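**Student:** Have a look at this one before I ask anything.
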Amino acid sequence: MTLRPLHLIFCAGLLVTAGCGPLFDIRKAMYDQPKYEPLEVTDFFGDRRSARPLIDGTVAQGHIQLDDHLYLGLEEEDGDFRQAQTYPFPITADDLNRGEEMYNIHCSVCHGKSGHGNGMVVRRGYKEAPSYHRDVLRNAPPGYFIGVINNGFGQMASYSHQIPVEDRWRIVAYIQTLQRSQFANVEDLEAIQVFIEEPITEHSSPEHANEH
Amino acid sequence: MSSQLFTSKHNTLARLSLLLFVAGAAGFLGFMDMLHRSSYVRYTKVRREQPVPFSHKHHTNLGIDCRYCHTSVETSSFANVPPTQTCMNCHNVMWKESDMLGPVRESWETGESLEWTRVNDLPDFVYFNHSIHVNNGIGCATCHGRVDQMALTWREKPLFMKWCLECHRDPAQFVRPDDKIFDMAFDPKSLPLEERQALVEEYGIDTSNQRLTNCSICHR
């Protein structure tokens, strides 16, 4: 029997079909390369996490938190620590806008847009969140709020894992603005005038600018 | 009787089988192409099984912003899928007994991660970055559809290269104002074209010299 075109074509067909398998494997290998995207699962480690948790007692580069004022909301006075009465950086109009945005994302679901504690999730049965307009909270320094965001409070969980530290301070500035807004008087209008034109006074909170 | 194995009749047969083979090959390629584009391979609009039947519809209807959970979408390439801790912010108190939330509580107690099924996944040879899109006037809904109406999340677009390019050639079709990025119901086409072109200018999106269709911005 001699080779005929038909046989050749038949063989070529077989080759193409057989070749397709590995060909798809090669494409697959490029689709899913031996590298890890964020949060990708691995079989290498027992807990299946490709992003390794920190070993106890170590600090990731660039993540050392030496500034107690910024990170913990604490100030040193006469060798003692107390809740910070001031902000670690000047609060500008941009900071307040960012604070408003962040507050509405992370806090308003429970505390409500105006801070009265009647957010949507509370209305669906979460423990009632206290109003920010009670006297105790109106007189609390910024450091107190930072403490609550960092550590949680009663039923409320800590929010430090989902809000960058500067934004936590901006949220506090916005909360203090909300508080002020509920008890505003005529002099405040002048303050607002100043505020629109330039940043509020350096290193002082809207709340404490009032205490003199 | 001739000693020939093939008679002249077989000539036609041979030609016919050639034709059949070509048609078959074309059909096969066509089929593979269809398969490649199909939702069977692409998972387009296919609701994906998840370890917990998490519903975007329920949660965004409560007024929870995307960024409550997808915390890094504005600042990094990766949007972030929330850790168990984020769910426990609310579910430590609410629906504490719900069976559906069993895996969440288990993950919280054992410290083992919930393994969410990836819904949108580009091949590893493509570079994608959320922050650059979100900060340049492209809303979540343009790429992900009405996530706020999805009970189980699905992939809205097949994520073909031509889809990326369609927008990169002419972003003015899709841009929206800065305060509408997270507004799922907003339709960019509701703005007149001139206004969208002005937005492209405002964001400083530079499409000159085919910069945005250069292979190396996506295949780095």
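**Student:** Rounded to the nearest 500 deg cm²/dmol, what is the calculated helix-only ellipticity per residue at 222 nm for chain B, with -39500 (n - 2.57) per DSSP H run of length n ≥ 4?
**Tutor:** Value at 222 nm, helices only, nearest 500: -12000 deg cm²/dmol.
**Student:** What ratio of Cα Rg to 2.2 N^0.38 Å holds for segment B:168-207?
**Tutor:** The value comes to 1.08.
**Student:** Related question: Rounded to the nearest 100 Å², what is the sum over both chains of accessible area buried where A meets B, with a probe of 1.4 Å?
**Tutor:** That pair hides around 3200 Å² of surface in total.
**Student:** Which whole-number percentage describes the relative contact order of segment A:76-195, with Cα contacts under 8 Å and a sequence gap of 6 or more?
**Tutor:** Reported relative contact order: 30 percent.
**Student:** Please report the projected area of segment A:76-195's Cα convex hull averaged over all directions, in nm².
**Tutor:** 8.4 nm²
**Student:** Continuing with the same structure: Using the Kirkwood radius over C-alpha pairs as Rh, can you work out the diffusion coefficient of segment B:1-149 via Stokes-Einstein at 37 °C, viscosity 0.692 mPa s, in µm² per second?
**Tutor:** This corresponds to a translational diffusion coefficient of 162 µm²/s.
**Student:** Next up: Taking R0 as 60 Å, what's the FRET efficiency between residue A:127 and residue B:31 from their Cβ-Cβ distance, rounded to 0.05?
**Tutor:** So, using R0 = 60 Å, E works out to roughly 0.55.
**Student:** While we're here: Can you list the lysines whose alpha carbon is less than 30 Å from that of residue A:35, not counting same-chain residues fewer than 8 positions off?
**Tutor:** B:45, B:157, B:162
**Student:** At q = 0.07, 0.08, 0.11 Å⁻¹, what log₁₀ I(q)/I(0) does a Debye calculation on the Cα points of the protein assembly as shown give, no solvent, two decimals?
**Tutor:** Each listed q corresponds, in turn, to -0.51, -0.63, -1.06.
**Student:** Okay, moving on. Relative contact order, percent, of segment B:1-125 when contacts are C-alpha pairs under 8 Å separated by at least 6 residues?
**Tutor:** This gives 20 percent for segment B:1-125.
**Student:** While we're on this one: Over chain B, what is the relative contact order in whole percent, taking alpha-carbon pairs under 8 Å and six or more residues apart?
**Tutor:** In percent, rounded to a whole number, it is 23.
**Student:** How large is Rg over Rh for segment A:40-92, taking Rg from the Cα atoms and Rh as the Kirkwood inverse mean of 1/r across Cα pairs?
**Tutor:** Rg/Rh: 1.24.
**Student:** Additional query: In whole angstrom, and with the biggest value first, how far do the Cα coordinates of segment A:2-128 range along each principal axis?
**Tutor:** 103, 41, 33
**Student:** At what distance in nm do the modelled label points of residue A:183 and residue A:30 sit from each other, each positioned 7 Å from its Cα along Cα→Cβ?
**Tutor:** Taking the two extended label points, one gets 6.7 nm.
**Student:** Here's another thing I want to ask about it. Under 29 Å Cα to Cα from residue A:113, which lysines show up? Leave out anything in the same chain fewer than 8 places away.
**Tutor:** Those lysines meeting the cut-off are A:127, B:57, B:96, B:180.
**Student:** OK, next. Would you check the accessible area of residue B:144, probe 1.4 Å, heavy atoms only, in square angstrom rounded to 10?
**Tutor:** Counting only protein heavy atoms, residue B:144 exposes about 60 Å² to solvent.
**Student:** What Kirkwood radius, in Å to one decimal, follows from the Cα pairs of segment B:108-220?
**Tutor:** It is 15.8 Å.
**Student:** With every protein chain present, what accessible area does residue B:78 have (1.4 Å probe, heavy atoms only), rounded to the nearest 10 Å²?
**Tutor:** Accessible area of residue B:78: about 50 Å².
**Student:** At a Förster distance of 41 Å, what's the computed FRET efficiency of residue B:49 paired with residue A:55, Cβ-Cβ distance as r, to 0.05?
**Tutor:** The computed FRET efficiency comes out at 0.75.
**Student:** Mind checking the mean number of beta-carbon atoms from other chains within 10 Å of the Cβ atoms in B:61-72?
**Tutor:** Taking the mean over all residues of the peptide, I get 5.
**Student:** Using modelled backbone amide H atoms (1.01 Å from N, in-plane), which distant-in-sequence or interchain residues come within less than 5 Å of residue A:74's amide H?
**Tutor:** A:69, A:84
**Student:** Exposed loop GluC sites (Glu not before Pro) only (DSSP loop, at most 12 other Cβ atoms within 10 Å): please give the longest stretch of chain B free of them, not including the sites.
**Tutor:** B:98-220
**Student:** With viscosity set to 1.567 mPa s and temperature to 4 °C, compute the Stokes-Einstein D of segment B:6-59, Rh being the Kirkwood radius across alpha carbon pairs; µm²/s, no decimals.
**Tutor:** D, rounded to a whole number, is 84 µm²/s.
**Student:** Around residue B:155, which amide H atoms from residues at least 5 apart in sequence, or from another chain, sit under 5 Å from its own amide H, with H modelled in the peptide plane?
**Tutor:** For residue B:155, the qualifying residues are B:45, B:46.
**Student:** Determine ³J(HN,Hα), in whole Hz, for all residues of segment B:69-74 in sequence, where each value follows from phi through the Karplus function 6.51 cos²θ - 1.76 cosθ + 1.60 and θ = phi - 60°; x replaces Gly and Pro.
**Tutor:** 9, 8, 5, 9, 5, 8
**Student:** Something else now. Using protein chains only and a probe of 1.4 angstrom, how many square angstrom of residue B:12 are accessible, to the nearest 10?
**Tutor:** 90 Å²
The values are calculated or read from the model by the stated rules, or taken from the named source; none is laboratory data. A quick note: this is a predicted structure, and the numbers were derived from the prediction, not measured. Ideal geometry is used to build each Cβ from the backbone, glycine not excepted, and the neighbour counts take in all protein chains shown. SASA here: full protein model, heavy atoms, side chains in, ligands and nucleic acids out. Shrake-Rupley method; radii C 1.70, N 1.55, O 1.52, S 1.80 Å.
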